[in-house]
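Nothing in this text is a laboratory measurement; each read-out follows from the coordinates by a stated rule. No experiment lies behind these values; they were computed from the predicted model shown. Positions of Cβ are generated from backbone atoms using ideal geometry, with glycine treated the same way; all protein chains shown enter the neighbour counts.
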Amino acid sequence: MSERSDCFDVAPFGWVLSSSGESADELTWSKPGDVSVAAFDLYVVDVPNAGDWQYRVDDGPWNNVGPVTDSTVNGLRRVAVDSPVNDRVQIRASSGDDPCVAAVAGIDVYLDTRGGRDIRTHDLSVGKHFLSQFCRPTAGDPLALLDEIQPALVIVAFSNDVLFRAPVKFENALRGIVDRVAPFGDTLLVGAYEQRPPRVVHDAAVTRGSRVVISDAATFLPSDVGEKLLCGAFADVPDTVVTSVRSTREATMSAPATVDARDAELTIGFGRTVEDQARYRAIVRDVAASTGCAFLDIYEAWSRLGATGWAETFEAGLMIDRYHASWLGHRDIAARLLELLGVVGGE
């Protein structure tokens, strides 16, 4: 991982793979057996002391990526390799004669579509991350990859930033992406569906020394693992979380209760209040309107189906847990995106 103080902090979310400088350092990407790779791109990061390191395809000859030059854009280069991959791609920290530092932001493969439409899709998402991390303030250029790819369309859909309660920062990040993409493409902004907000129950039962909490009203889900718990019965341990879920009414805590309690008030979850989520959705809507971007409001679309808020969408089968859409929800979102893209593309 690169640091924000590094001038080579140019990869999405700061994920850079860099060698130690020893010639024995090697990196191997293995092709999944069920895909056919016709060619690939290596995204090369020009870190300090980087050299003309090498790569090879399968058991073929070693090839140099080319030396660092002053013409590189934002410290990130794309090396196109027009070669099919049967098994693997290897990278070594050597120019062939001398050891050097090798650093990559990733590999992007071209599938053999056999005459199909030439459409490229780049998934830059990372689980449990934030728009504020993608657009982070840094000594490098965190949006450098967009310049290299120059996509015709960028779809932006983030929901985790609501945890920070920093709406101005979130708005600035959205506008930054729109401005960056404008010279070569369009941006489509997605307003998220409502995720499960924190809930308060008043029937929690715990026993001193036990890590089990019982509540008929809690409706625990497996995805509640990791959620914060706040209750006077374990006030001495403020960072108590759910470690496992036994049933909808019974969960295991990370710390034991300090007293016996019945009908206790228990707060499950942190952040993502209904009000905060609505505020962030409004920001996405306003940015889309003021910049002329296409906009898909999933919350409003599902509300028109009669499923408003997390509880109703979960009951309707559109959500699989507290944060994520189900296969039915994803199919619905995909259909709406395709319909909207047809309008945007004039098709």
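A few comments on the model shown:
- Each residue of the stretch 101-110 is assigned a 3J(HN,Hα), and the resulting list reads 8, 10, 9, 9, 8, x, 10, 10, 9, 9 Hz, derived from the Karplus form 6.51 cos²θ - 1.76 cosθ + 1.60 (θ = phi - 60°), x at Gly and Pro.
- Most to least packed among 136-143, 123-130, 179-186 [average Cβ atoms within 10 Å]: 136-143, 179-186, 123-130
- Translational diffusion of the chain was estimated from the Stokes-Einstein equation, with Rh taken as the Kirkwood radius over Cα pairs; at 4 °C and 1.567 mPa s the coefficient is 55 µm²/s.
- Were the residues from Lys169 through Ala157 laid out at 0.36 nm apart, the gain over their Cα-Cα distance would be 2.8 nm.
- Under a model in which nothing but the beta-carbon of Lys, Arg (+1) and Asp, Glu (-1) is charged, the stretch 201-267 shows a dipole of about 180 debye around its Cα centre.
- Take the Cβ atoms of Asp52 and Asp87, set R0 to 35 Å, and the FRET efficiency comes out at 0.90.
- Cα gyration tensor, the stretch 201-267 - rounded (a/c under 1.5), prolate or oblate: oblate
- Each Lys and Arg contributes +1 and each Asp and Glu -1, all at the Cβ; summed about the Cα centre of the chain, the dipole is approximately 920 debye.
- Of the three principal axes defined by the Cα atoms of the stretch 192-347, the extents in descending order read 65, 29, 22 Å.
- Treating r as the C-beta distance of Val35 and Arg262 and R0 as 45 Å, the FRET efficiency rounds to 0.20.
- Distance between the 7 Å Cα→Cβ label points at Leu341 and Thr248: 3.7 nm.
- Most tightly packed first, judged by the mean number of other beta-carbon atoms within 10 Å of their residues, the peptides 317-323, 260-266, 333-339 read 317-323, 260-266, 333-339.
- Subtracting the Cα-Cα distance of Ala217 and Asp123 from their residue separation scaled by 0.36 nm leaves 30.0 nm.
- Cα-based equivalent ellipsoid, the stretch 12-111: semi-axes from gyration tensor eigenvalues, Å: 21, 16, 12
- Each DSSP beta bridge with both residues in the stretch 68-227 is either parallel or antiparallel, and the antiparallel ones are about 50%.
- Between Glu315 and Val79, the contour length at 0.36 nm per residue exceeds the Cα-Cα span by 80.2 nm.
- Within the stretch 143-289, percent of DSSP bridges classed antiparallel, to nearest 5: 75 percent
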